[in-house]
Structure formats: structure tokens, C-alpha cells
Amino acid sequence: MALEIFGTIKNSYSTLFGNRTVLVYVLIMSVLAAILVAAAGLPLATQKAAYTPAITNPTMAIASIVILFLVSIFFSGAIITAAGSSADIGTAAKNAISRYLPLVGTSILVAIIGVVPFAVLYTIGLLLMLAGAGSALLALGAIIVIVAVVVLFYMITRLSISTVGTVLGKRGPVDSVKHSWSATKGNLWHVFAIFISVTIVSSIIGEVLVYALAAAGLQAIGLFVLTFLGSASTIAFVRIYQALPG
């Protein structure tokens, strides 16, 4: 199967709205995310400052983030299963449970490999910019920050189908990462184009709705919208995994 950019993007959204099992799990996950964020008083990154709530209970906020991560692992597994095999609700749940621990491992491994290089470079660049206002250090710091962002997108692209490989390919965390790195090697720009296109489309629609909802005091519903639309990226990675060799 060839990796076709526009067809993959279109299929991602049609699956999100047209696959009943996928839709059910995405809706439930989005509702839970909104409830947890509202309960903890966590701010939305996309909200205007005037509408951003303060974190009044740091302990609750941290607990909500951990719970949200653990819950989202299950739902990601179920969504990947349903999108990749047209499984019903029960079958998707069973597979998500059976692949839960490997999926946790893969998610943590991908986060470490993908984020650590970015965090190190970004921090170095930022420190140089702060220390070198009006000097050559400022320019050097800015360049390093740009490199950090490029590295982040590169790593995201190369590791993009790791979790899909864990769920559909029954691979372990290390194997999943190795397979994703190998499979995306010759399709880097295609994978990146699909990822960034789905992200941009979801973000534009989500931003408009989030600002409108935030202005009306409905921040939690805004997160529901962002989570729901963001699930299209997961489906896109499933289609990429199915199209690439291996």
C-alpha cells in the first residue's frame, strides 16, 4: 500500500466520524479528559490569559495528569485497535487491556527519546539568549532553539508509529521504536506532511472553538473539542503504519 498524503488525511477524519467503535472511544476519552482537567483546575495552553484558571490544588493537578496519562493509554490502545482492524467495542477493549503495559512502556520510551534531546537543546539555547542580550550569544541561542524545534519534529516523525506497532504488531517497546525508526526512514517527508497537516487542521478548528467556549466560561468543553479532534492524529498514524513496509 502506497503512503498517499491527502488520502491518508481524508481517511483519518472519515474514520474518526464514521467508525462507530472509534467514535465511542474518542468521545469517552474526550469527556474524561475534560472532567479531569476541570476538577484539577488545569489551564488550557490555548486559552487567552483572561480566561485561564489558576491551579488552586497542585496535588490534585498532578494526580489528574497521572490519571489522564494512564487512562489515555487504554483509550489510545482501543482507538488504534478499532481503526486498524475494524474491531467492535468489546474486542477493542480486550486488545487495549492485553497491550496496556507494553503500550505504557512504549509511550514512556518515545517520550524520553523524543523529548530529552529537544529539552536539552532548547534549555541551552534559552540560557544563551538570556545571558547574551544584545550580543552574538543571543543569535547563537536563537539558532540552537530553532535546531531544538527541528530535532523535536524529526524525532516525532521517526517515532510516530511506535505505539501503533505495539498495539497492532504486538511488539515490545524497544522493538516498536526500532520498527518505527526503520519504517519511516524512506518516507520521512510523507509522514511529516501527514502529521503536520492533520495537526494544523485540528488545531485551527480547535483554536476557534476553544476561544469561543473560553469566552463563554466553558473551558472544559474546549478541552473536549481539542482531545476529540486531536485523535485524528492517532488514526493517521495507524494508516501510516499500515501503508509502510514491515
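The values are calculated or read from the model by the stated rules, or taken from the named source; none is laboratory data. In this text, all values refer to a predicted model and were calculated from it rather than measured experimentally. Counting neighbours? That spans all protein chains shown, and the Cβs are built from the backbone with ideal geometry, glycine included.
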Would you point out the residue of region 73-112, among those that are of a type in the set (D, E, K, R) and surrounded by fewer than 20 Cβ atoms within 10 Å (Cβ to Cβ), that is nearest to Ser180 (Cα to Cα)? Lys94
I need every pair where a residue in region 85-99 that is touching a residue at least 12 places away in the same chain (Cβ under 8 Å) and more than 15 Å from Val71 (Cα to Cα) has its Cβ under 6 Å from the Cβ of a residue that is exposed (fewer than 13 other Cβ atoms within 10 Å of the Cβ) and among the aliphatic types (A, V, I, L, M), sequence separation at least 6 or different chains. none
Can you pull out every residue in region 12-35 that is surrounded by fewer than 18 Cβ atoms within 10 Å (Cβ to Cβ) and farther than 15 Å from Ala93 by Cα? Tyr13, Ser14, Phe17, Gly18, Val31, Leu32, Ile35
Considering only residues that are crowded, with 20+ Cβ neighbours inside 10 Å, modelled with pLDDT of 95 or more and not polar (S, T, N, Q), look in region 169-192 and name the one that is nearest to Ser85 (Cα to Cα). Arg171
Of all helices (runs of 4 or more DSSP H) fully inside region 100-218, the set with 2 or more residues that are over 21 Å from Ile73 (Cβ atoms) and of a type in the set (Ser, Thr, Tyr) is 100-131, 136-158, 188-215
Single residue of region 212-236 satisfying the filter (buried (at least 16 other Cβ atoms within 10 Å of the Cβ) and more than 26 Å from Gly84 (Cα to Cα)) that is modelled with the highest pLDDT: Ile221
The condition from (1) aliphatic (A, V, I, L, M); (2) over 16 Å from the mean Cα position of the chain (by Cα); (3) modelled with pLDDT under 90; (4) closer than 18 Å to Ala83 by Cα that Leu209 misses is numbered (4)
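Let's see how each residue does on (1) aromatic (Phe, Trp, Tyr); (2) modelled with pLDDT of 90 or more; (3) under 20 Å from Ile204 (Cβ atoms):
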| position | (1), (2), (3) |
| --- | --- |
| Leu3 | no, no, no |
| Phe6 | yes, no, yes |
| Ser12 | no, yes, yes |
| Gly18 | no, yes, no |
| Leu36 | no, no, no |
| Ala39 | no, no, no |
| Thr46 | no, no, yes |
